[in-house]
Every structure is written in structure tokens, then in C-alpha cells.
Amino acid sequence: MPTALITGITGQDGSYLAEHLLGLGYEVVGVTRRTSTDTGSRIEHLRERITLAGADLLDQTSLLALVQKHQPDEVYNLAAQSFVPTSWEQPVLTGEFTALGVTRLLEAVRIAKPDARFYQASSSEMFGKVQATPQNESTPFYPRSPYGISKLYGHWITVNYRESYGLYATSGILFNHESKRRGLEFVTRKISYGVARIKHGVDRELRLGNLEARRDWGFAGDYVEAMHLMLQREDPKDYVVATGETHSVRECCEAAFAAVGLNWEDHVVVDPIFYRPAEVDLLVGDAALANAELGWSPKVDFQHLVEMMVEADLALVADEMKRGILRSYAASGS
Ligand code: NAP
Ligand code: G4F
């Protein structure tokens with residue numbers, strides 16, 4: 001039974017990847033960092049089937065000990081400070097997690113398990129102010145946030161360890177992918193949760209930032225399959241993973257409110273507090289290489305994705321109301 005080590009297992013992608021790998025017969029070791037509150041709600045249903053191990057991307061010794069102890073066949077580095085607006089508020093910390101954290105983990109692999117296969121969670125945010133449309137593996141990068149710049153460092157250090165040390169290290173350049181497990185601060189989930197609250201009569205309005213930004217949104221469950229496929233090739237290579245469709249935040253609002261029979265224009269309020277210092281206006285990926293060489297293609301389209309998320313949040317808000325535990329939105333900026 002191969003062993004997969006996943007950093008960021010408590011996050012959206014970590015939970016879907018763990019489910020996928022367990023289904024394929026892997027032994028899954030999930031990395032968690034010490035927190036004073038429980039962050040394990042996304043993997044609650046998997047707790048009996050996975051091994052949890054403590055380590056932190058900020059701490060080299062913990063990563064080395066982790067790899068030494070578990071001797072993984074595959075390492076998926078999904079952990080990061082992943083929310084773009086926070087990267088302007090905490091640029092140094094974002095660089096420590098999202099950039100240097102990759103080097104720390106690569107060092108641990110190089111020293112303790114050099115034949116492990118390594119996946120780095122790179123991002124379409126690296127394309128930023130896009131230099132060509134659609135974006136593929138050859139499109140030049142132009143990141144627009146401390147997050148995007150940190151991811152670019154993580155991307156190139158992965159390429160560099162492949163070329164310097166012959167590690168099997170790959171980088172998946174993934175476009176936005178969403179689900180009912182997406183953090184509430186990201187726009188699609190903020191919309192689906194907001195729609196559910198409005199439909200249930202909890203709120204009357206939903207405050208958002210730039211409605212004209214366009215993203216290539218796919219389903220997280222589809223994207224973790226691509227991560228695994230990338231590590232099954234004979235030679236390591238980097239791939240773009242995307243749907244090839246782009247939609248604006250406005251279109252996402254239209255679809256989500258329409259799913260519950262409401263008109264988005266009656267509820268959405270544009271609030272400049274959510275504008276970013278520098279915006280990524282348009283992302284749309286070309287995943288032809290992943291399709292040709294990995295046999296990967298997305299199964300869930302935009303409309304279905306939005307409907308799935310709204311349906312899940314309608315049930316969630318109903319349950320929160322019943323139990324008297326309605327959440328409030330996260331701090332300003334989200
Ligand atoms: P997410 O839900 O924000 O999860 C991030 C994970 O990283 C959490 O498990 C978090 O643990 C962990 N983490 C953060 N700092 C850490 C540290 N110092 N040490 C150990 N673990 C730490 O992110 P996601 O959406 O699943 O994304 C997974 C990865 O793909 C991220 O690297 C993200 O940047 C990248 N990515 C995401 C997308 C997307 O659209 N979702 C697209 C491209 C790339 P806690 O639970 O303890 O906070
Ligand atoms: O949902 P978002 O916060 O995601 P963003 O910035 O595209 O980043 C996500 O995808 C990246 C892949 O490209 C990942 F690497 C990254 O970790 C993360 O998962 O924002 C999407 C768009 C932005 O243009 C933003 O300005 O939505 C716009 N937006 C408009 N109003 C808003 C809001 N975003 C948020 N979070 N909140 C708003 O109220």
C-alpha cells in the first residue's frame with residue numbers, strides 16, 4: 001500500500017485529496033499544525049482512516065522528522081496561507097508559509113526520502129496580469145499580490161529541485177476550484193452562503209467587491225484527481241488544470257440567486273472595502289496538456305458547481321438556525 005503525505009489536509013483540497021487517495025488504497029498521513037481550536041471539521045469523517053502527524057511549514061526540524069518517520073511514496077504540499085487579501089496584510093508571513101515553506105519541505109524530502117514523488121500546489125494567481133489568453137504552461141507569469149509572488153517562488157523552487165537534484169518534483173498550476181468545503185471568505189462560497197442566509201430570511205443584503213473580475217472556476221473534487229495523476233507519470237512535469245471557461249463574479253451572483261428564485265440585483269451591494277490594491281482581472285486556463293497526457297478533464301461545470309454549493313449552504317444555514325449557531329462573516333477584507 002503506497003503512503004501519501006498531505007500537508008494542508010484540514011483545508012478544502014486536503015480533505016478531497018485524502019478521500020480520493022483512500023479510495024485508491026493509499027495509506028494517508030495528514031499534516032496538521034498546532035492550533036488552540038480544532039480545525040478538523042473537513043476531515044472529521046476520515047479521522048479513523050488516516051494518520052494525523054504534527055508539523056509546521058515554518059519549522060524545518062518538524063518537517064524533516066515527519067518525512068523521516070513516515071517515509072512517504074508521494075508528498076502533496078497543499079499547505080499555504082491561501083487567501084489573497086490577507087497576503088497584503090501579512091506579506092512576510094505569507095512568504096514564510098507559501099514561499100519558503102516549500103523549500104523547507106523540499107529539503108526534508110531531499111534529505112530524508114529523495115525518491116518520494118513531490119506535488120506542489122501552484123496557482124493561476126501566478127499569471128496575474130495575464131500576458132496571453134487563455135493561459136497555459138508556456139504563458140509568462142506576472143503575479144499581482146504577495147500571495148501570487150510567494151506561489152511563484154514555490155513554483156520555481158520546485159522546478160529547481162527537480163533540475164538540481166533530480167527529485168521527482170512537479171507543480172500543478174491550478175485555476176480556482178470551489179466546493180461546499182471552500183472557506184467562507186472566498187467569493188463563490190461567500191455568495192452561496194450569503195444567498196442561503198438571504199433565502200432563509202437571516203440577511204437582506206450581500207456586500208461584495210469587484211463584480212467584473214473573471215475567474216475559471218472548477219470543482220475541487222475534480223482537481224484533486226489531476227494532482228494524483230501528475231505523480232503517476234514516468235517523468236515529472238508541470239501542468240495547468242482548468243475548465244477553459246471564464247465567468248465574472250456578477251455571473252456567479254446571477255446564477256446563485258437564480259438557483260433559489262431570487263434576483264441578485266435586489267440584494268448585492270458593492271462595497272469598496274473588498275477591492276484589492278491590485279486586481280487579477282481575468283483568468284481562463286487551457287488544460288489541453290493535462291487532457292492529452294494525463295487523460296484529465298473536469299466533470300462539473302460552472303452552473304452545476306454553483307447549484308451544488310447553494311444547495312449545500314441552504315441545508316447548512318437551516319441547520320445552523322435550528323441549532324442557534326449562525327455564523328457571522330469573517331473579519332473585514334473578506
Ligand atoms: P485552504 O482551504 O486555505 O487550506 C490551507 C491549508 O494549509 C490548511 O489545512 C491549513 O491548516 C494549512 N496551513 C496553513 N499554514 C500552515 C503551516 N504553517 N503549516 C502547516 N499547515 C498550514 O486552501 P485550499 O483551497 O485547500 O488550497 C490548497 C492549496 O492549493 C493551497 O496551497 C492553495 O494556495 C493552493 N491553490 C488553491 C486553489 C483553489 O482555488 N482552491 C487554486 C490554486 C492553488 P489550518 O487548518 O491549520 O489553517
Ligand atoms: O474567491 P477569491 O478570494 O479567490 P482568488 O483571489 O481568485 O484566489 C483563489 O484562487 C487562486 C487561484 O487562482 C488560489 F491560488 C488562491 O489560493 C485562492 O484559492 O476572489 C476571486 C475574485 C477576485 O477577483 C476578487 O476581487 O472575486 C473578487 N471578489 C469580489 N468581491 C471578491 C469579493 N473576493 C472575495 N474574497 N470577497 C469579495 O467580497
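The values are calculated or read from the model by the stated rules, or taken from the named source; none is laboratory data. Keep in mind that what you see is a predicted model, and the values were worked out from it rather than measured. When we count neighbours, we look across all protein chains shown, and the Cβ atoms used for this are built from the backbone with ideal geometry, even at glycine.
The number of residues in the range 257-279 being within 25 Å of the chain's Cα centre (by Cα), assigned to a loop (DSSP other than H, G, I, E, B) and more than 13 Å from ligand 2 (Cβ to nearest atom) comes to 1. For the range 149-182, filtering for residues that are more than 10 Å from ligand 1 (Cβ to nearest atom) and either of a type outside the set (Lys, Arg) or under 21 Å from residue 297 (Cα atoms) (or both) leaves 20. The residue that is farthest from ligand 2 (Cβ to nearest atom), among those in the range 27-60 that are closer than 26 Å to residue 96 by Cα and basic (Lys, Arg), is 34.
When residues in the range 13-35 are screened for being part of a helix (DSSP H, G or I), surrounded by 24 or more Cβ atoms within 10 Å (Cβ to Cβ) and in contact with a Gly (Cβ under 8 Å, 6 or more places away or on another chain), 2 of them pass. Checked against the criteria, residue 242 counts as of a type in the set (Gly, Ala, Ser) and either more than 10 Å from ligand 1 (Cβ to nearest atom) or out of contact with any His (no Cβ under 7 Å at 6 or more places or on another chain) (or both). Count of the range 280-333 residues, restricted to those that are surrounded by fewer than 18 Cβ atoms within 10 Å (Cβ to Cβ), of a type outside the set (Ser, Thr, Tyr) and outside any helix (DSSP H, G or I), is 11. Kindly indicate the residue of the range 133-170 that is within 16 Å of ligand 2 (Cβ to nearest atom) and of a type in the set (Gly, Ala, Ser) and also farthest from residue 101 (Cα to Cα) among those meeting that condition. Taking the candidates together, the pick is 145. Being surrounded by fewer than 17 Cβ atoms within 10 Å (Cβ to Cβ) and assigned by TED's automatic domain parsing to the domain that holds residue 235 holds for only one residue in 124, 82, 138, 62, and it is 138.
The residue pairs whose first member lies in the range 24-35 and is at negative phi, whose second member is polar (S, T, N, Q) and in a strand (DSSP E or B), and whose beta carbons are closer than 6 Å, counting only pairs six or more residues apart or on different chains, are 27/3; 29/51; 31/7.
Would you check which residues across the range 123-141 are assigned to a loop (DSSP other than H, G, I, E, B) and within 10 Å of residue 280 (Cα to Cα) and list them?
Restricting attention to the range 123-141, the residues satisfying the condition of being assigned to a loop (DSSP other than H, G, I, E, B) are 127-134, 136-141.
Scanning the range 123-141 gives 127, 128, 129, 130.
Can you pull out every residue in the range 196-219 that is more than 10 Å from ligand 2 (Cβ to nearest atom), aliphatic (A, V, I, L, M) and either assigned to a helix (DSSP H, G or I) or in contact with a Gly (Cβ under 6 Å, 6 or more places away or on another chain) (or both)? Of everything in the range 196-219, those that are more than 10 Å from ligand 2 (Cβ to nearest atom), aliphatic (A, V, I, L, M) and either assigned to a helix (DSSP H, G or I) or in contact with a Gly (Cβ under 6 Å, 6 or more places away or on another chain) (or both) turn out to be 196, 198.
Under the condition of being farther than 22 Å from residue 238 by Cα and either at pLDDT below 95 or more than 19 Å from the chain's Cα centre (by Cα) (or both), the residues counted in the range 52-89 number 19.
Among residues that are over 22 Å from residue 127 (Cα atoms), modelled with pLDDT of 95 or more, out of contact with any strand residue (DSSP E or B) (no Cβ under 8 Å at 6 or more places or on another chain) and within 15 Å of ligand 2 (Cβ to nearest atom), residue 254 is included.
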